[in-house]
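Note sheet for the following structure.
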Amino acid sequence: MALSMDRRSFLGLGALGALTAGAGLAGCAPQAQDAGAAALSDTGESAADAGIPRKEGSETKECDVAIVGAGAAGLQAALKLARGGKKVVVIEVGPSAAISNFAMCGGPTACETKLQEQEDATVTLDQIFTYMNDFSRGSVNSALLRNCLAHTGEAINTMLDLGIGMDLIPDTYGVGFRGRHMFQAGGEDRVGPLVADIQSNGGEFLFNTKAEKIIMEDGAVAGVQTDAGIDVMAPAVVVCTGGFGGNEDMQLEKLNTKVFPLGSTLSDGTGINMVLDAGGAWDRNFAVLGNECGAVSKATVSPFTEDWHNTNEHLGYWLFGGLYTDPVGERFISEGKIAQFPLAVGGEALLRAGKAYVIMDADYYNAVQGDGIFAYLGQPASWISGPVADYYKTTPENAEAHLQEAIEQGWAVKADSIADIAEAFDLPALEATVENYNRYCETGIDEEYGKEAHFLKPVKAAPFYAFEYVPSCWSTNGGVKVDSHLRAVDKENRAIPGLYVAGVDQGSVYSVPYYTNEGSSVGLAIGAGAYVAEEILGA
């Protein structure tokens with residue numbers, strides 16, 4: 001397999017132009033308003049307490065189903081509903097569907113698809129459901145998980161029929177099956193065929209239009225209020241606005257730390273807040289679709305180059321399984337698990353730590369630049385993604401300049417002693433941690449976390465290096481509670497008539513941490529979109 005496909009498999013990203021077309025990075029995306037901010041009313045009451053105000057529109061649009069959000073779930077739902085004869089209006093805050101996270105992501109996991117059949121690699125519904133349900137350990141709605149997964153193949157095949165190219169990629173992380181379907185193109189080339197098909201079947205899009213409130217009448221859904229002065233009236237509403245990666249207040253509330261948004265900052269929790277305002281309830285699970293390309297720093301503005309290298313090559317060490325510490329200088333996980341599953345375990349580990357430090361010596365630092373981390377560790381066969389991890393190594397031509405930049409920005413230190421590192425980053429436990437870690441490296445036995453011996457490399461040769469990383473994510477996973485039919489439920493677990501939630505705005509099918517089979521977030525979203533359409537068509 002060519003390096004480019006290996007790299008895309010490891011990244012979990014789509015075509016190289018997808019990000020530019022989607023305009024989704026925090027450095028270039030339109031900055032969303034903070035939906036979590038508590039604006040005061042004339043009475044001094046916060047909007048959160050008073051509820052979202054109802055403002056009658058100057059215009060109404062009548063339809064069968066209003067869909068809020070033109071991402072993975074929204075487009076799939078609109079496509080199937082429009083083909084099924086329903087009048088659909090899709091409300092999208094962005095200027096086009098190409099700005100969504102779906103337009104820039106790598107590709108969904110799915111079962112029983114045409115590509116799997118063609119390559120004699122079919123993943124059955126039972127196989128993928130069992131894997132993911134077991135991984136969740138009962139923390140998700142199992143019936144909903146199966147229902148969403150059961151519709152992933154349909155969604156993939158529909159996109160293939162529309163000419164949206166995909167490749168069935170290898171089992172990047174060694175989960176035991178090939179579920180990931182990598183998109184060949186991003187941006188408008190990806191979403192355009194879906195939008196055109198929806199429109200050809202009578203569907204309508206309201207772009208540059210922000211949904212504000214679910215209109216309720218006598219306890220049932222009646223439509224959606226928008227900021228354009230248009231009330232979209234419908235007996236069924238599907239909310240799928242992409243989570244809350246663009247809302248720092250909601251990040252702090254649910255994740256207890258700020259997370260750098262790699263995806264669209266237009267996903268600001270608006271859809272979740274609208275469902276809560278309509279009587280919905282929070283679910284329990286909150287996780288992130290982490291940055292499997294390495295890490296970001298407190299100084300990061302735009303983390304990737306056009307060919308998906310890190311803008312500073314010293315952000316890649318998070319992938320390599322070295323010595324990581326928490327903000328006091330203590331280890332907090334088997335670092336090898338992060339190297340094995342950087343997207344799932346790595347994202348959650350950094351989120352829980354709040355920030356973390358990678359500590360290394362001169363031997364490690366120079367080896368990464370030279371032969372690369374995989375060779376330095378002896379090419380361990382059990383590190384499935386190890387051969388492509390070197391895509392993120394430092395290079396001799398950039399290392400010195402990138403290191404100096406990181407030092408000047410305050411997230412890297414080069415020093416003659418571990419004590420100097422500890423002082424620079426205020427890591428009081430670091431010296432003892434390094435002493436113990438070096439002993440584990442000598443014996444080949446990690447007495448704290450059982451990390452595999454091949455990841456154990458001592459920190460002894462001066463100069464020493466430390467790099468500070470902070471959490472980042474492509475999207476959040478988790479939101480309001482739904483039942484096994486994707487109907488929003490209230491605090492007494494009763495379905496709210498006519499109100500559905502799909503994609504990552506619902507928290508009932510996403511586990512903590514993120515599933516270890518890559519493509520799960522968008523896979524469940526496209527499956528949910530097709531499934532919710534079937535539910536509405538059959539109602």
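The values are calculated or read from the model by the stated rules, or taken from the named source; none is laboratory data. Keep in mind the model is a prediction, meaning the values are calculated, not measured. As a convention, Cβ positions derive from the backbone with ideal geometry for all residues, glycine included, and neighbour counts pool all protein chains shown. In case anyone asks, the SASA skips ligands and DNA or RNA and just uses the protein heavy atoms, side chains included. Shrake-Rupley method; radii C 1.70, N 1.55, O 1.52, S 1.80 Å.
Please work out which one of (1) crowded, with 19+ Cβ neighbours inside 10 Å; (2) more than 24 Å from Arg83 (Cβ to Cβ) is the condition Ser139 fails and give its number.
Ser139 satisfies all of (1) crowded, with 19+ Cβ neighbours inside 10 Å; (2) more than 24 Å from Arg83 (Cβ to Cβ) except (1).
Considering only residues of segment 180-210 that are open to solvent by less than 30 Å² (accessible area, probe 1.4 Å) and among the aromatic types (Phe, Trp, Tyr), which is nearest to Arg83 (Cα to Cα)?
Phe205
Tell me which residues, restricted to segment 93-117, are in contact with a Lys or Arg (Cβ under 9 Å, 6 or more places away or on another chain) and in a loop (DSSP other than H, G, I, E, B).
Residues satisfying the conditions are Val93, Met104, Gly106, Gly107, Pro108, Ala110.
Restricting segment 460-469 to residues that are within 24 Å of Glu408 (Cβ to Cβ) and not charged (D, E, K, R), which is surrounded by the fewest Cβ atoms within 10 Å (Cβ to Cβ)?
Residue satisfying both the conditions and the ranking: Ala462.
Here are some residues: Gly280, Gly242, Gly223. Which one is at pLDDT 95 or above, closer than 26 Å to Ala78 by Cβ and open to solvent by 10 Å² or more (accessible area, probe 1.4 Å)?
Gly242
Take Phe425 and decide whether it is hydrophobic (A, V, I, L, M, F, W, C) and either under 19 Å from Tyr469 (Cα atoms) or open to solvent by less than 10 Å² (accessible area, probe 1.4 Å) (or both). Explain how you work it out, then say what you get.
Numbers: hydrophobic (A, V, I, L, M, F, W, C): yes; either under 19 Å from Tyr469 (Cα atoms) or open to solvent by less than 10 Å² (accessible area, probe 1.4 Å) (or both): yes.
It is true that Phe425 is hydrophobic (A, V, I, L, M, F, W, C) and either under 19 Å from Tyr469 (Cα atoms) or open to solvent by less than 10 Å² (accessible area, probe 1.4 Å) (or both).
Within segment 477-504, work out how many residues are open to solvent by less than 10 Å² (accessible area, probe 1.4 Å) and either over 19 Å from Gly538 (Cα atoms) or not in a strand (DSSP E or B) (or both).
Here the count works out to 8.
It is to be established whether one or more residues within segment 370-378 are in a helix (DSSP H, G or I), modelled with pLDDT of 95 or more, among the hydroxyl-bearing types (Ser, Thr, Tyr) and under 24 Å from Leu456 (Cα atoms).
Yes, segment 370-378 contains at least one residue that is in a helix (DSSP H, G or I), modelled with pLDDT of 95 or more, among the hydroxyl-bearing types (Ser, Thr, Tyr) and under 24 Å from Leu456 (Cα atoms).
Can you go through Glu447, Glu518, Glu452, Glu534 and tell me which one is of a type in the set (Asp, Glu) and within 19 Å of Val288 (Cβ to Cβ)?
Criteria check complete, one pass: Glu518.
Could you count how many residues in segment 162-179 are open to solvent by 50 Å² or more (accessible area, probe 1.4 Å) and either over 21 Å from the mean Cα position of the chain (by Cα) or among the polar types (S, T, N, Q) (or both)?
Of the residues in segment 162-179, 2 are open to solvent by 50 Å² or more (accessible area, probe 1.4 Å) and either over 21 Å from the mean Cα position of the chain (by Cα) or among the polar types (S, T, N, Q) (or both).
Going through Ser58, Ser100 one at a time, which residue ends up being open to solvent by 50 Å² or more (accessible area, probe 1.4 Å) and of a type outside the set (A, V, I, L, M, F, W, C)?
The unique qualifying residue is Ser58.
Is it true that some residue in segment 438-451 is open to solvent by less than 40 Å² (accessible area, probe 1.4 Å), touching a Phe, Trp or Tyr at 6+ places or on another chain (Cβ under 7 Å) and modelled with pLDDT of 95 or more?
So far as segment 438-451 goes, yes, one or more of its residues are open to solvent by less than 40 Å² (accessible area, probe 1.4 Å), touching a Phe, Trp or Tyr at 6+ places or on another chain (Cβ under 7 Å) and modelled with pLDDT of 95 or more.
Where the second residue is open to solvent by 60 Å² or more (accessible area, probe 1.4 Å) and the first is in a helix (DSSP H, G or I) and lies in segment 400-414, which pairs have Cβ atoms under 7 Å and are six or more apart or on separate chains?
Matching pairs, first to second residue: Leu403/Lys414; Ile407/Lys414.
Within segment 297-342, track down each residue that is within 20 Å of the chain's Cα centre (by Cα), farther than 17 Å from Thr394 by Cα and open to solvent by less than 10 Å² (accessible area, probe 1.4 Å).
Ile338, Pro342
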